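Working notes for the structure below.
No lab work stands behind these numbers, since they all come straight from the coordinates. This is a predicted model, so every value here is computed, not measured. So basically every Cβ, Gly included, is an ideal-geometry build from the backbone, and we count neighbours across all protein chains shown.
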Amino acid sequence: MSAPASNGGYDEWLDALADGEGYALVCPDGHGSLPPRRVCPECGAAALSEGPLAETGTVETYSVVHVAGPRFADDTPYVNAIVDFGPIRLTGVLRGVEPATEAVAVGDRVAVGVEERATDGEPLVVFRPATEE
Ligand SMILES: [Zn+2]
């Protein structure tokens, strides 16, 4: 939480996440956000710094997607999940589970990384079940 926020955009953030160096932008009040934010979306503070992203988060909500737009056409069915990482939430695709409602539960611990979208190979935020300690 000491390094000044770079001017990087979302693509650079995704690159950092792929390298295992994911981070969140954190304002002095502890609100988290993601690039390319310039000010805190919660309180408007402009002094955003980069804080490390936790390696695992907990599933906050999810849905099984059977019909998707063209960019995800070859990925269906898949699980779209919103995962709580403390100051921020990330939206991504949960892999490593059956794409079925009963295969996932709110509160499941998942790790975050970057993988390719099946449809077009574009990088994608992907969660996978975290191994229990
Ligand atoms: Zn704030």
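With N set to the number of residues, divide the alpha-carbon radius of gyration of segment 55-133 by 2.2 N^0.38 Å and report two decimals. Display every interim value, and only then the final one.
Values: Rg = 11.9 Å, N = 79, 2.2 N^0.38 = 11.6 Å.
Rg over 2.2 N^0.38 Å, computed on Cα atoms: 1.03.
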Computed over the chain: relative contact order in percent, which uses C-alpha pairs under 8 Å that are six or more apart: 22 percent
Two-site FRET efficiency, Asp11 against Arg128, from Cβ-Cβ distance with R₀ of 22 Å, rounded to 0.05: 0.50
Hydrodynamic radius of the chain per Kirkwood, over alpha carbon pairs, in Å: 15.5 Å
Free-standing Cys residues across the chain, given no other cysteine C-beta under 4.7 angstrom: Cys43
Packing-based exposure ordering (other Cβ within 10 Å, fewest first) of Ile88, Ile82: Ile82, Ile88
Fewest-first ranking of Val110, Val97, Val39, using other Cβ atoms within 10 Å as the exposure measure: Val39, Val97, Val110
